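Right, one structure below, let's go through it.
No lab work stands behind these numbers, since they all come straight from the coordinates. Computed from a predicted model, the values in this text were never measured in an experiment. Cβ: placed from backbone, ideal geometry, glycine included. Neighbour counts: every protein chain shown.
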Amino acid sequence: MPDTAMPQTAPQVVVSTAADPVMVKGRRDFFTYRDLGVTAGSGGAMRAQITAGRDGMTRPTGWHVHLCQGQLVYLLSGWIDLEFADRKVRLTAGDSVFIPGNTPHNETGASENFELLEISVPADMGTRGCAAPG
């Protein structure tokens with residue numbers, strides 16, 4: 001069977017500074033995204049970014065899944081409401097959640113200002129809308 005895995009570069013040290021942030025386009029136009037350089041440093045094995053909201057959420061994200069192995073979200077400041085098939089949770093500063101890949105979820109609300117650290121494996125994480133769990 002041929003190897004279809006994407007080639008990865010050797011891991012390298014990457015430093016990201018608050019004084020010189022690298023802002024990137026993200027999944028939602030009402031959030032901002034700061035790349036922390038982990039995608040380049042890990043050769044695509046993982047991604048880390050800071051997601052921030054400055055005007056709250058203008059609307060829920062809608063039910064969706066991420067096409068990845070998993071995603072870790074750690075709230076740095078503010079709060080965010082998440083909905084899963086079996087529960088609703090409010091994460092506040094210092095809280096975290098691990099979301100396995102292909103797990104339906106919906107972000108339904110957020111404080112006016114918030115920041116969260118998001119780490120995904122692998123770095124190239126797709127997003128696909130899905131129906132609300134029954």
Each residue of segment 88-101 in turn: what ³J(HN,Hα) in whole Hz from Karplus with 6.51, -1.76, 1.60 and θ = phi - 60°, glycine and Pro shown as x?
10, 9, 10, 8, 10, 3, x, 8, 9, 9, 9, 10, x, x
Whose amide H sits under 5 Å from the amide H of Ala110, counting only residues 5 or more places off or on another chain, with H placed in the peptide plane?
Met57, Asp81
For Ala40 and Ala10, compute 0.36 nm times the residue count separating them, minus their Cα-Cα distance, and round to one decimal in nm.
9.8 nm
Whole-Hz Karplus couplings 3J(HN,Hα) for segment 39-45, θ = phi - 60° and coefficients 6.51, -1.76, 1.60, Gly and Pro as x, run 4, 5, x, 9, x, x, 5
Which label marks the calculated value of Cα extents along the principal axes in Å, given the options (i) 44, 40, 25; (ii) 46, 28, 23; (iii) 33, 32, 25?
(i)
Assuming R0 = 22 Å, can you tell me the calculated FRET efficiency for the pair Lys88 and Glu112, based on Cβ-Cβ distance, to the nearest 0.05?
0.65
Here, Lys25 and Arg54, labelled 7 Å along Cα→Cβ, have an inter-label distance in nm of 1.9 nm
